[in-house]
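Accompanying notes for the structure given below.
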Amino acid sequence: MTNHPLYPGKRTRCGKPTLLMIEAFIKREPEMLQAAEAIEEGIASGDLHRLPKQPEEVDETGSTAIEGRLLVRRALARERDPKLRALKIKQARLNGGPLRCEVCAFDFAHTYGDLGDGYIEVHHVTPLHASGTRETKLADLACLCANCHRMCHRSRPGESWRTPAALREQIGKSVPETGH
């Protein structure tokens, strides 16, 4: 909303995809307003939960699916301070070495060149859903590649999240020794 050309107040930060979405909505305003009204009516009446599958959505072989429709989702998200991410990356770069995953040592800049320079995901060693509201210190965060980050959060029956140290240990057990 704050990045709509007619918004009179101060704009907030957003990325190019959001700006492109705003532009698309402006070009199709009547259609978007109609869709918004239908969603509001569906939510109010409860009919959104009773919509049957549409014939064009059914694929008897299961090899295709309809995608790209707009869906409304509501979700709670835990608050995170983006300044901590920047500080953790700055801390990790202080020694002058490359910015690497703390679990597998993957280096985005080495693999992707300039595109990957300075990129890494920052992970809470103890997830916020487990700790709840708390003061986070830089020592509570770890720099991880996307794969290790997903594996730290991946759960299986009887298991929950894992720490970067536990994942590093698991990788050590999983990778066979080579005779160098």
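The values are calculated or read from the model by the stated rules, or taken from the named source; none is laboratory data. Fair warning: this is a prediction, and the values are worked out from it, not measured in the lab. Cβ: placed from backbone, ideal geometry, glycine included. Neighbour counts: every protein chain shown. Areas reflect the complete protein model, heavy atoms only, side chains present, ligands, DNA and RNA absent. Shrake-Rupley method; radii C 1.70, N 1.55, O 1.52, S 1.80 Å.
Selection within the range 71-124: residues that are under 27 Å from Gly172 (Cα atoms) and of a type in the set (Gly, Ala, Ser). The member of this set that is most open to solvent (accessible area, probe 1.4 Å) is Gly96. Out of the residues in the range 108-132 that are touching a residue at least 12 places away in the same chain (Cβ under 8 Å) and hydroxyl-bearing (Ser, Thr, Tyr), which is farthest from Arg78 (Cα to Cα)? Across the range 108-132, the extreme among qualifying residues is Tyr119.
Scan the range 86-110 for residues that are under 21 Å from Leu167 (Cα atoms), within 20 Å of the chain's Cα centre (by Cα) and not in a loop (DSSP other than H, G, I, E, B) and jot them down. The answer is Lys88, Ile89, Phe108.
So the check is Cβ under 9 Å with 6+ separation or different chains; which pairs have a first residue in the range 19-41 that's at pLDDT below 85 and a second one that's hydroxyl-bearing (Ser, Thr, Tyr)? Filtered contacts from the range 19-41: no entries. Among all residues of the range 96-107, there is none that is among the basic types (Lys, Arg) and without any contact (Cβ under 8 Å) to a residue 12 or more places away in the chain.
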